[in-house]
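Student: Questions regarding the structure given below will be posed in turn.
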Amino acid sequence: MTLANQQDVTRELEAEETPWVQAMLTYIESLITTRLPDALTRAATNPAWRTIIIHVEAEATARVLRAPGGGLYSYETEGTYTYSINKAVASGILEVT
């Protein structure tokens, strides 16, 4: 079980997105613990760490869900209409730096 949960994801979920939320939360928590092996221990003893990790997990999950088409395209034109994705906001890639 991850520190963050579905209710922490700060966006309205579509019915087809709901089954993927926990898997994404688990994945991002794994990325966090790979970079910071003691992160969950710190979160258990320090409320500030717990808050930060919950926020990072939930926001990373919401970011993936916001990425139309999984974030695979960044610019599209149809007739006179042009659509582009701000990759800083909506990336389909989860990364912990």
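The values are calculated or read from the model by the stated rules, or taken from the named source; none is laboratory data. Since the model is a prediction, treat every value here as computed from it, not as a measurement. Reconstructed Cβ throughout: ideal geometry from the backbone, glycine too, with neighbour counts over all protein chains shown. Ligands, DNA and RNA are stripped out before the accessible areas are found, and what is left, the full protein with its side chains, is counted by its heavy atoms. Shrake-Rupley method; radii C 1.70, N 1.55, O 1.52, S 1.80 Å.
Student: Quick check on my filter: what residues within region 41-62 are in a helix (DSSP H, G or I) and either more than 17 Å from Thr97 (Cα to Cα) or of a type in the set (S, T, N, Q) (or both)?
Tutor: Thr41, Arg42, Ala43, Ala44, Thr45, Pro47, Ala48, Arg50, Thr51, Thr61, Ala62
Student: Considering region 24-40 alone, what residues qualify as being without any contact (Cβ under 8 Å) to a residue 24 or more places away in the chain, in contact with a helix residue (DSSP H, G or I) (Cβ under 9 Å, 6 or more places away or on another chain) and under 13 Å from Thr2 (Cα atoms)?
Tutor: The first filter runs over region 24-40 and keeps only residues without any contact (Cβ under 8 Å) to a residue 24 or more places away in the chain, leaving 30, 33, 36-39.
Next, from what is left, pick out any that are in contact with a helix residue (DSSP H, G or I) (Cβ under 9 Å, 6 or more places away or on another chain): 33, 36, 39.
Thr33, Ala39, listed by residue number.
Student: Within the set of pairs 6+ apart or on separate chains, which have a first residue in region 5-23 that is free of Cβ contacts under 8 Å to residues at least 60 places away in the same chain, a second that is of a type in the set (A, V, I, L, M) and open to solvent by 70 Å² or more (accessible area, probe 1.4 Å), and C-beta atoms under 9 Å apart?
Tutor: Sorted first by the residue in region 5-23, then by its partner, the pairs are Gln22/Met1.
Student: Might you let me know whether region 5-21 holds any residue that is of a type in the set (Val, Ile, Thr), open to solvent by less than 100 Å² (accessible area, probe 1.4 Å) and part of a helix (DSSP H, G or I)? Walk me through how you get there before you give the answer.
Tutor: Just the residues of region 5-21 that are of a type in the set (Val, Ile, Thr), to begin with: 9-10, 18, 21.
After this cut, where a residue has to be open to solvent by less than 100 Å² (accessible area, probe 1.4 Å) as well, the list is 9-10, 18, 21.
Then keep just the ones that are part of a helix (DSSP H, G or I); that gives 18, 21.
Within region 5-21, one or more residues are of a type in the set (Val, Ile, Thr), open to solvent by less than 100 Å² (accessible area, probe 1.4 Å) and part of a helix (DSSP H, G or I).
Student: Next question. Taking Thr26, is it β-branched (Val, Ile, Thr) and over 12 Å from the mean Cα position of the chain (by Cα)?
Tutor: Details: β-branched (Val, Ile, Thr): yes; over 12 Å from the mean Cα position of the chain (by Cα): no.
It is false that Thr26 is β-branched (Val, Ile, Thr) and over 12 Å from the mean Cα position of the chain (by Cα).
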